[in-house]
Amino acid sequence: MSFTQAIQTCFNKYATFSGRASVAEYWWFMLFCFLVNLVSGIINEYLGSVASLALLIPTLAVSWRRMHDIGLGGGWFFINFVPVVGWIIWIIKAVKADEPSANRFGDVTAC
């Protein structure tokens, strides 16, 4: 999946918390969010806050679907609220390879 495909997919599934998101889709979208927040924050602090708020729901949705892709429930997202250790655990899980076959959250082709 390319950068633009990942962005389009994430915005098409703006608030879809079901299904799966591949590693590429997740990380390309995280890069997009980082760049948007960086540029908008440099331009204006208020604009940076608005951009972060606008990207909140699609970021949550793609994160939730990413956990589904490795066979875990989306609730694993809340591990991020544990400082440092939670973030490390999240990154380890987020870079984990996709499950190669269908799981309880959907088929591989649904990504």
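The values are calculated or read from the model by the stated rules, or taken from the named source; none is laboratory data. Nothing here was measured: the structure is a model prediction, and the numbers come from that model. Cβ sites come from the backbone with ideal geometry, for glycine too, and all protein chains shown count toward neighbours. To get the accessible areas, we keep the full protein, side chains included, count just its heavy atoms, and leave off ligands, DNA and RNA. Shrake-Rupley method; radii C 1.70, N 1.55, O 1.52, S 1.80 Å.
Among residues belonging to region 89-110 that are among the hydrophobic types (A, V, I, L, M, F, W, C) and more than 16 Å from Met30 (Cβ to Cβ), point out the one that is farthest from the chain's Cα centre (by Cα).
Ranking the candidates gives Ala102 first.
Give the number of residues within region 1-40 that are assigned to a helix (DSSP H, G or I) and either of a type in the set (A, V, I, L, M) or touching a residue at least 40 places away in the same chain (Cβ under 8 Å) (or both).
Residues in region 1-40 being assigned to a helix (DSSP H, G or I) and either of a type in the set (A, V, I, L, M) or touching a residue at least 40 places away in the same chain (Cβ under 8 Å) (or both): 15 in total.
Can you tell me which residue within region 50-94, out of those that are of a type in the set (Val, Ile, Thr) and touching a Phe, Trp or Tyr at 6+ places or on another chain (Cβ under 8 Å), is most open to solvent (accessible area, probe 1.4 Å)?
Ile57
Looking at Val23, is it at pLDDT 90 or above and within 17 Å of Val108 (Cα to Cα)?
yes
For (1) charged (D, E, K, R); (2) modelled with pLDDT of 95 or more; (3) open to solvent by 70 Å² or more (accessible area, probe 1.4 Å), each residue gets a yes or a no:
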{"residue": "Gln5", "(1), (2), (3)": "no, no, yes"}
{"residue": "Gln8", "(1), (2), (3)": "no, no, yes"}
{"residue": "Lys13", "(1), (2), (3)": "yes, no, no"}
{"residue": "Gly19", "(1), (2), (3)": "no, no, no"}
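Being part of a helix (DSSP H, G or I) and either open to solvent by less than 50 Å² (accessible area, probe 1.4 Å) or small (Gly, Ala, Ser) (or both) is the filter here, so list the residues in region 95-111 that pass it.
Ala110, the sole residue that qualifies.
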